[in-house]
Amino acid sequence: MTMVKTILPLAASLLFSGLFSGTALAADPPNVVVSIKPIHSLVAAIMEGVGTPDLIVDGAASPHTYALKPSNARALQGAKVVFWVGPGMEAFLEKPLSALGANALVVELDKAPGIAKLKFREGGPFEAHDDGDEHAESAGHDHDDHDHGHEEFDTHLWLDPHNAKAMAAEITTTLVAADPANALTYEANQKALDDRLDALDAEIVATVAPVKDKPFIVFHDAYQYFERRYGVHVAGSITVSPETIPGAERVSEIHGKLADLGATCVFAEPQFEPKLVNVVIEGTSAKSGVLDPEAATLPQGPDLYFDLMRGIASSLKTCLS
Ligand SMILES: [Zn+2]
């Protein structure tokens, strides 16, 4: 009995591999590499039961200040599929990805069908992008060389679960094409992920409802997608991009505007100079909190996206209540 049980699956798998591929088993997962934690979380959810994608910007690193490591370059060399947001978010990946051979399928998720994009804003309480004197209205303003890369739009696209669903659809289509043997698993995982994202969306609406109209200041201007989806009120940002540490002048400018803006809370981010936030609120009645839009403090994996979004919602509720 035991012998038969052992031999049968082996025979079946040999037959399967002989039919579909000369070298590897048909169900071998492809090497998938993902740029940043929030996107990696979505890919990991869709690959559950098949394999685990590699992550480039891991630990507490920020995609805004990241430098590629030799181990990342090796992972990219061996990748069958690479997912990234695009050059506006992970500028450090632009050259390495263009140098990859035709064997790797590179998917830029800011181009996924159904993604809603929002323009950068600037002027007034939002730090201008290059030139402190220009206003948002000025015609012909060129974004080509500002600090957030060279895209016209805000690339923190994942901070709206509707965009996450659009990305998940594109990720699934790509994986099904690259690895048809596991198509049913990818598709079932996507369906489950969509349902979880819908539930998350409803949960966040309820969490932030009591603090919806209370203005607050953020460290970098990363939250437009969250704001639009949930109707929360970001009154300004200390810096447009964490690549540029704001100077004393900018800090005192925001400090001076706190009362006018009616901001009751100023949020730091884990990777960047929390001391600046203390300087901004010094001598005012505003409180400070922490928001983590790029998930620097969260362990990677399929649940990270949900922890990230819930974390933002609960930090807003706690600080603004
Ligand atoms: Zn950012």
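Which of rounded, prolate, oblate describes segment 208-320, given a ≥ b ≥ c as roots of the alpha-carbon gyration tensor eigenvalues and a/c under 1.5 marking rounded, otherwise prolate only if a/b is larger than b/c?
Cα axes put segment 208-320 in the oblate bin.
With labels modelled as points extended 7 Å from the Cα through the Cβ direction, what inter-label distance (nm, one decimal) is found for Ser314 paired with Glu203?
0.9 nm
Tell me, what HN-Hα J-couplings in whole Hz come from the Karplus equation 6.51 cos²θ - 1.76 cosθ + 1.60 at θ = phi - 60° for each residue of segment 173-187, using x for Gly and Pro?
4, 5, 5, 4, 5, 6, 8, x, 4, 9, 3, 5, 5, 4, 5
Would you grab the residues whose amide H sits under 5 Å from the one on Val106? Only those 5+ places off in sequence or on another chain, please, with H modelled 1.01 Å from N.
Residues meeting the criterion, in which the H sits 1.01 Å from N, are Val82.
Net charge within 10 Å of Ala295 by Cβ-Cβ distance, Lys/Arg positive one each and Asp/Glu negative one each, not counting Ala295 itself?
Spelling it out: positives minus negatives among the neighbours equals -2.
Taking a ≥ b ≥ c as the square roots of the Cα gyration tensor eigenvalues, with a/c under 1.5 meaning rounded and otherwise prolate when a/b beats b/c, else oblate, which class fits segment 215-272?
Working: a/c = 2.24, a/b = 1.19, b/c = 1.88.
Since a/c reaches 1.5 but b/c is at least a/b, the shape of segment 215-272 is classed as oblate.
Run the paramagnetic zone check for Glu152: 7 angstrom along Cα to Cβ, then residues of segment 213-247 with backbone nitrogen under 19 Å.
Those under the cut-off are 224-225.
If you add up the charges near Gly51, with Lys and Arg at +1 and Asp and Glu at -1, over every other residue whose beta carbon is less than 14 angstrom from its beta carbon, what do you get?
-3
Taking θ = phi - 60°, what integer Hz values does the Karplus form 6.51 cos²θ - 1.76 cosθ + 1.60 yield along segment 82-93, in sequence order, with x for Gly and Pro?
Taking θ as phi minus 60°, the curve returns 10, 10, 9, 6, x, x, x, 9, 10, 4, 5, 8 Hz for segment 82-93.
Give the accessible area for Ser288 in Å² (nearest 10); use a 1.4 Å probe, count only protein heavy atoms, and leave out ligands, DNA and RNA.
Solvent-accessible area, nearest 10 Å²: 60 Å².
For an R0 of 41 angstrom, estimate the FRET efficiency from the Cβ-Cβ distance between Val290 and Ala177 and round to the nearest 0.05.
Details: r = 40 Å, r/R0 = 0.97.
Taking R0 as 41 Å, the efficiency between Val290 and Ala177 is 0.55.
So in segment 208-320, what percent of DSSP beta bridges are antiparallel if you round to the nearest 5?
Taking every DSSP beta bridge with both residues in segment 208-320, the antiparallel ones total about 10 percent.
Given a cut-off of 24 Å, name the pairs among Lys212/Lys257; Lys37/Lys212; Lys119/Lys287; Lys119/Lys275; Lys69/Lys111; Lys275/Lys317 whose C-alpha atoms lie farther apart than that in the structure shown.
Checking Cα-Cα distances, Lys37/Lys212; Lys119/Lys287; Lys119/Lys275; Lys69/Lys111 exceed 24 Å.
Relative contact order (percent) for segment 208-320, with alpha-carbon contacts under 8 angstrom and 6 or more residues of separation?
Computed over segment 208-320, the figure is 27 percent.
The values are calculated or read from the model by the stated rules, or taken from the named source; none is laboratory data. Just so it is clear, the structure is predicted and the values come from calculations on it, not from any experiment. Heads up, the Cβs are rebuilt from the backbone with ideal geometry, glycines too, and the neighbour counts pull from every protein chain shown. Remember, those area values only see protein heavy atoms, side chains included, never the ligands or the DNA or RNA. Shrake-Rupley method; radii C 1.70, N 1.55, O 1.52, S 1.80 Å.
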